[in-house]
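Working notes, beginning with the structure itself.
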Amino acid sequence: MRIIAGDFRGLNLASVGKGDAGAHLRPTTDRVRESLFSMLAGGRFGDPVSDAVVLDLFAGTGALGLEALSRGAQYATFVDDGRVAQSLIRENVKKCRAEARVKIISRNATRLPANTDAPASLVFLDPPYGKGLGEKALTSALEGGWVAPGALIVWEDSAAITPPIGVTLLDQRRYGDTVISLCETGEADD
């Protein structure tokens, strides 16, 4: 696993091998990450990465949030309650020398506390596949003030998703057993 483009381009991230099923670690492959960020940069969604405040739920290795930082996001919050994941995120943040632009929260992503920082304009949501945890985590993030109005949500799963009320599905793409759904939160005056 490596950073595909930007300031950290080519940097190899900490390896989890083929993943860690016990810790529910299933890193997004370089190919899927590259396709995803190409889609985001394609213009249809404006430029959701530059200067973004990123929320990476079920962060795993932190690869999605770090790729966004590499491509110009200003800040990223990583949420994962797994010890292995937290260790990998810390190692990868250190490799990128991005400590000043990162916050790591050791918490179940489905039970977030109230947010006291700027809400995210770009959300990565990569829950364990097929368990319905993405819906719960996104609802928790919305209720806790973690997600800004008009934010773009990149939701990775293997099954059909059901966006919470106030979230609109914009596009879906399949990459093998991975389905990337792009969603958007309603504007403040909706």
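State, to one decimal in nm², a quarter of the convex hull surface area for the C-alpha atoms of the chain, i.e. the direction-averaged projected area.
About 9.6 nm², averaged over all directions.
Using only alpha carbon pairs under 8 Å that are at least six residues apart, calculate the relative contact order of the stretch 21-185 and give it in whole percent.
19 percent
Nearest 500 deg cm²/dmol is fine: what mean residue ellipticity at 222 nm does the chain get from its DSSP H runs of n ≥ 4 alone, each adding -39,500 (n - 2.57), divided by its residue count?
Using -39500 (n - 2.57) per qualifying helix, the result is -7000 deg cm²/dmol.
With a cut-off of at most 14 other beta carbons within 10 Å, and DSSP calling the residue loop, which GluC sites (Glu not before Pro) in the stretch 103-190 qualify? Please list them.
Here the sparse-neighbourhood loop sites are 187.
Bear in mind these aren't lab numbers, they're just calculated from the coordinates by the rules spelled out. Just so it is clear, the model here is predicted, and its values are computed rather than measured. With ideal geometry, Cβ positions are generated from the backbone for all residues, glycine too; neighbour counts draw on all protein chains shown.
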